Ligand SMILES: C[S@@+](CC[C@H](N)C(=O)[O-])C[C@H]1O[C@@H](n2cnc3c(N)ncnc32)[C@H](O)[C@@H]1O
């Protein structure tokens, strides 16, 4: 890990995301989230009604709101200022009973009783100290609780722009961590084995690994270049059980 890659720097940058960009994610995320991530996350979490769910790194909170709409008791953790403010404003408007906590997932304060479920969607790749964050997600669960996380597929980083440029996927580095700059913050590439082995070292049992595929009909109606997701997986979603 490079010395300039710190949680604090990442949080500062994500937390300056402009409000209009956050508004665009309501009510159910962007195209990729709507078509690829949300259905798989919800399926892997299973029945959420009446269950205590931690939305780890909840961003502006759209997925927390989707979970609360389905009857979950939701705690959303988000350190970035603009995201946290947006999520809290939405809760003041909608009063779904979601509790938002402004905190770094790698140094999670006590959040009360253990959770039945924890979801971390597209969060671990943005956190420099991601192993501590994963440990906090797992230890926030009751034994037997389910942890579901989504990352950009480590074998196909920057799939969409690469596909748009070359009409196929190309990669020149995999083993060494590198930074992928984005409009509101960076992602950090790590090999697939890093995520899975860390989970195993935390005593978790892998339940399912999903590589969501875009329906060709949805791709035809979607933005340019999105047909990449019909052919290659943009996301890797992992479900595991705390031992
Ligand atoms: C790509 S966004 C995903 C947000 C949300 N889960 C979603 O799917 O819309 C990444 C989020 O992780 C948050 N984040 C960055 N560093 C974090 C940390 N150390 N702990 C918890 N969240 C962090 C960012 O502020 C941002 O809201």
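For the stretch 2-15, how many residues meet the condition of being more than 10 Å from the ligand (Cβ to nearest atom) and surrounded by 13 or more Cβ atoms within 10 Å (Cβ to Cβ)?
Qualifying residue count for the region: 1.
Please indicate, with yes or no, whether at least one residue in the stretch 213-224 is assigned to a loop (DSSP other than H, G, I, E, B), at pLDDT 95 or above, within 22 Å of residue 80 (Cβ to Cβ) and in contact with a helix residue (DSSP H, G or I) (Cβ under 6 Å, 6 or more places away or on another chain).
For the stretch 213-224, residues assigned to a loop (DSSP other than H, G, I, E, B), at pLDDT 95 or above, within 22 Å of residue 80 (Cβ to Cβ) and in contact with a helix residue (DSSP H, G or I) (Cβ under 6 Å, 6 or more places away or on another chain): absent.
Regarding residue 133, is this residue farther than 23 Å from residue 43 by Cβ, modelled with pLDDT under 95 and either within 13 Å of the ligand (Cβ to nearest atom) or surrounded by fewer than 16 Cβ atoms within 10 Å (Cβ to Cβ) (or both)?
Details: farther than 23 Å from residue 43 by Cβ: yes; modelled with pLDDT under 95: no; either within 13 Å of the ligand (Cβ to nearest atom) or surrounded by fewer than 16 Cβ atoms within 10 Å (Cβ to Cβ) (or both): yes.
Judged against the criteria, residue 133 is not a match.
For the subset of the stretch 19-35 comprising residues that are touching a helix residue (DSSP H, G or I) at 6+ places or on another chain (Cβ under 7 Å) and assigned to a loop (DSSP other than H, G, I, E, B), which member is surrounded by the fewest Cβ atoms within 10 Å (Cβ to Cβ)?
Top of the filtered list is 27.
So residue 109 clears everything in (1) in contact (Cβ under 8 Å) with a residue 12 or more places away in the chain; (2) surrounded by fewer than 19 Cβ atoms within 10 Å (Cβ to Cβ); (3) out of contact with any helix residue (DSSP H, G or I) (no Cβ under 9 Å at 6 or more places or on another chain); (4) within 22 Å of residue 136 (Cα to Cα) except one condition, right? Which one?
Every listed condition holds for residue 109 apart from (1).
Are any of the residues in the stretch 36-48 away from the ligand (no atom under 11 Å from the Cβ), surrounded by 15 or more Cβ atoms within 10 Å (Cβ to Cβ), in contact (Cβ under 8 Å) with a residue 12 or more places away in the chain and farther than 30 Å from residue 216 by Cα?
No, the stretch 36-48 contains no residue that is away from the ligand (no atom under 11 Å from the Cβ), surrounded by 15 or more Cβ atoms within 10 Å (Cβ to Cβ), in contact (Cβ under 8 Å) with a residue 12 or more places away in the chain and farther than 30 Å from residue 216 by Cα.
When residues of the stretch 112-128 are filtered for being more than 9 Å from the ligand (Cβ to nearest atom), in contact (Cβ under 8 Å) with a residue 60 or more places away in the chain and in a loop (DSSP other than H, G, I, E, B), how many remain?
2
Looking at the structure I just gave you, is residue 243 surrounded by fewer than 19 Cβ atoms within 10 Å (Cβ to Cβ), out of contact with any strand residue (DSSP E or B) (no Cβ under 8 Å at 6 or more places or on another chain) and either touching a residue at least 40 places away in the same chain (Cβ under 8 Å) or not in a helix (DSSP H, G or I) (or both)?
Answer is no for this residue.
One line per residue, one yes/no per condition, for (1) out of contact with any strand residue (DSSP E or B) (no Cβ under 8 Å at 6 or more places or on another chain); (2) assigned to a helix (DSSP H, G or I); (3) more than 23 Å from residue 53 (Cβ to Cβ):
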position: 151; (1), (2), (3): no, no, no
position: 156; (1), (2), (3): yes, no, yes
position: 162; (1), (2), (3): yes, yes, yes
position: 169; (1), (2), (3): yes, no, yes
position: 180; (1), (2), (3): no, no, yes
position: 188; (1), (2), (3): no, no, yes
position: 199; (1), (2), (3): no, yes, no
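I'd like to verify a number: residues in the stretch 58-100 that are out of contact with any helix residue (DSSP H, G or I) (no Cβ under 9 Å at 6 or more places or on another chain), surrounded by fewer than 22 Cβ atoms within 10 Å (Cβ to Cβ) and in a helix (DSSP H, G or I), how many?
Looking only at that region, the number is 5.
The values are calculated or read from the model by the stated rules, or taken from the named source; none is laboratory data. Nothing here was measured: the structure is a model prediction, and the numbers come from that model. In this analysis, Cβ positions are derived from the backbone assuming ideal geometry, glycine residues included, and neighbour counts consider all displayed protein chains.
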